[in-house]
1. Of the conditions (1) surrounded by fewer than 21 Cβ atoms within 10 Å (Cβ to Cβ); (2) under 22 Å from the mean Cα position of the chain (by Cα), residue 295 clears all except one; give me its number.
2. Looking at the stretch 82-105, which of the residues that are at pLDDT below 95 and part of a helix (DSSP H, G or I) is surrounded by the fewest Cβ atoms within 10 Å (Cβ to Cβ)?
3. If I filter the stretch 20-44 down to residues being in contact (Cβ under 8 Å) with a residue 24 or more places away in the chain, away from the ligand (no atom under 15 Å from the Cβ) and part of a loop (DSSP other than H, G, I, E, B), which single residue comes out as surrounded by the most Cβ atoms within 10 Å (Cβ to Cβ)?
4. Does the stretch 45-53 include one or more residues that are part of a strand (DSSP E or B) and either free of Cβ contacts under 8 Å to residues at least 24 places away in the same chain or surrounded by fewer than 16 Cβ atoms within 10 Å (Cβ to Cβ) (or both)?
5. Does residue 79 qualify as being modelled with pLDDT under 95 and either within 12 Å of the ligand (Cβ to nearest atom) or surrounded by fewer than 22 Cβ atoms within 10 Å (Cβ to Cβ) (or both)?
6. I need the full set of residues from the stretch 339-366 which are in contact with a Leu (Cβ under 6 Å, 6 or more places away or on another chain) and of a type outside the set (Gly, Ala, Ser), in order please.
7. Looking at the stretch 192-209, can you tell me whether even one residue there is at pLDDT below 95, over 30 Å from residue 66 (Cβ atoms), of a type in the set (A, V, I, L, M) and more than 15 Å from the ligand (Cβ to nearest atom)?
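The values are calculated or read from the model by the stated rules, or taken from the named source; none is laboratory data. Note that the coordinates shown come from a computational prediction; the quantities given were computed from them, not determined experimentally. Cβ atoms come from the backbone with ideal geometry, glycine included; neighbour counts cover every protein chain shown.
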Amino acid sequence: MTTERAEEEEEEKDEEQVVTPWDVSAGADGKIDYQKLVKEFGCAEIDERLIERIEKCTNTKAHPFLRRGLFFAHRELDEIVTAYEKGEKFYLYTGRGPSSESLHLGHLVPFQFTKWLQDAFKVPLVIQLTDDEKFLWKDLQLEDCRRLAKENAKDIVACGFNPETTFIFADASYMCPSFYTNMMKIAKCVTFNQAKGIFGFTGDSNIGQIGFPPVQAAPSFPDCFPHMFGMNKKSLKCLIPCAIDQDPYFRMTRDVAHRIGGYKPALVESRFFPALKGESGKMSASDPTSAIYVTDTAKEIKSKINKHAFSGGGATVEEQREKGANLDVDVPWKWLNFFLEDDEKLKEIGEKYGSGEMLTGEIKQILVDVLTPMVEQHQKRRALVTDEVLDLYFNSQKKPKVFLDLFREYEEREFCKWEKKASTSDSDDLCKALEQKLQLEGATENEEGCAIGAPKSEDWLKIRKARMQKDAPTEGSKSALKKAAKIKAAAEKKAAEKAAKAAAKAAKEAAANEAA
Ligand code: TYM
């Protein structure tokens, strides 16, 4: 190959878009080609029908991110919805790599959407903070990453997650036997050649990086969290909201899921919230003018937007009036699509700005007016996140019962199934049977081995026992309770028959004795 040709190819390559968990850059035209990504990665696009089904089964209007196609791609989200329509729950899993003191607005996108999913579907959530990942990839000490994980967790909590159903953990502190077991099983299924193909590792990658993907893959399996979901790998399906840059981790996870005995995690994936200076740029902590951070003041927000937001508007007022703005590249317009909730107002702005009736200065002012209160409210909520509040999310001992209650229906159904199989129907003691079931599963032992202070086995059993004894059926669990009641009634009938027989026998004997 001639040097010229090699150089040309190199140039072409440079212009190709790159989307990996660590690098995102636009193609030659300064844009990310999302259709191309969907094809390359092999995921599916979210269509209207799926959104309608989500609205119907949750009885909730779709989040603007969903309605506006910002969360645009998925893997088996339809299957999660189908199962949910039949009454099956799932859990949500998302995360953050703590590499900076605070989050930028792009990071809020998956967390705000996850909060909506959590509320709409009423399901539990786990949030992974990959302090280990950032230690391995960035020029940071592990202690720094741990501190940043805690700082970032405050911003995540400020997004409003329900402490009763949300568990946040940082890898370097949480690692426990059940987590490690999953990691090892996943790691054994992936060769170095496959990892190179998926993640682009080279001979220069440190071996910590090469070994990291199973750490982000493992939380896709519920038995990583025995204090929440028990030790059954198939107890629940998992749905992962994230931007599409995280897809490679979960492509790998889905490839190995069946081999390690779990369900493939489902994904719902977003476009990128563009950098302030345009889609081709990067939001980087080293360039504070490239992004708006959740710590920015009102003054900083205004100044950054006015000075640095890339505009698709005309260069002069006359040109803008004549030609209108190019909405495809205009950052204030794109940002409003993420954060202006009012659909009607957004439509109107698009029409006026696109036609030239509205000027660049005006749309920038609208954006300032939308973002300033949003960021200020975030800051107010964050100020309330004390160490005690954080503890509610990190420490699973505080409210384990609430996690368990979420699965009451599931547990009861499973319990009835098991009880039938174990043919203990002559026992009228449901709690005793349940205890046996837990012991058979080895759940008690495993649970105690967990490092994060999961509830003690006895407490755990007590909690379950109490729950099983509760008379009031929760909505949707009636059929399961009916079954349990049937079993109990059958046992009582049998006992009554036995007693009647015994009484009859005794009466007969007494009569015979008398006759004698
Ligand atoms: P991180 O810290 O790079 O990003 C955190 C989350 O934010 C998303 N994201 C964005 N979304 C929209 N627009 C942007 N400009 C933008 N930049 C980042 C990311 O996709 C991610 O969802 N390795 C991960 C942490 C992680 C994780 C997970 C993420 C661990 N487990 C499970 C998602 C799901 C990371 O470093 O994310």
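1. It is condition (2) that residue 295 fails.
2. Out of the qualifying residues, it is 85.
3. Restricting attention to the stretch 20-44, the residues satisfying the condition of being in contact (Cβ under 8 Å) with a residue 24 or more places away in the chain are 20-22, 24-26, 30-32, 34, 37-38, 41-44.
This time we only want the ones that are away from the ligand (no atom under 15 Å from the Cβ), so: 30, 38, 42, 44.
Checking the rest, the ones that are also part of a loop (DSSP other than H, G, I, E, B) come to 30, 42.
Details: 30: 15, 42: 10.
Selected residue: 30.
4. Looking only at the stretch 45-53, we keep the residues that are part of a strand (DSSP E or B), and these are 45.
Those left that are additionally either free of Cβ contacts under 8 Å to residues at least 24 places away in the same chain or surrounded by fewer than 16 Cβ atoms within 10 Å (Cβ to Cβ) (or both): 45.
For the stretch 45-53, residues part of a strand (DSSP E or B) and either free of Cβ contacts under 8 Å to residues at least 24 places away in the same chain or surrounded by fewer than 16 Cβ atoms within 10 Å (Cβ to Cβ) (or both): present.
5. Values: modelled with pLDDT under 95: no; either within 12 Å of the ligand (Cβ to nearest atom) or surrounded by fewer than 22 Cβ atoms within 10 Å (Cβ to Cβ) (or both): yes.
Against the criterion (modelled with pLDDT under 95 and either within 12 Å of the ligand (Cβ to nearest atom) or surrounded by fewer than 22 Cβ atoms within 10 Å (Cβ to Cβ) (or both)), residue 79 does not qualify.
6. Step one: list which residues in the stretch 339-366 are in contact with a Leu (Cβ under 6 Å, 6 or more places away or on another chain), which gives 340, 346, 354.
Selection gives 340, 346.
7. no
Every residue, every condition in (1) within 12 Å of the ligand (Cβ to nearest atom); (2) among the hydroxyl-bearing types (Ser, Thr, Tyr); (3) in a loop (DSSP other than H, G, I, E, B), yes or no:
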| site | (1), (2), (3) |
| --- | --- |
| 107 | yes, no, no |
| 119 | no, no, no |
| 133 | yes, no, no |
| 139 | no, no, yes |
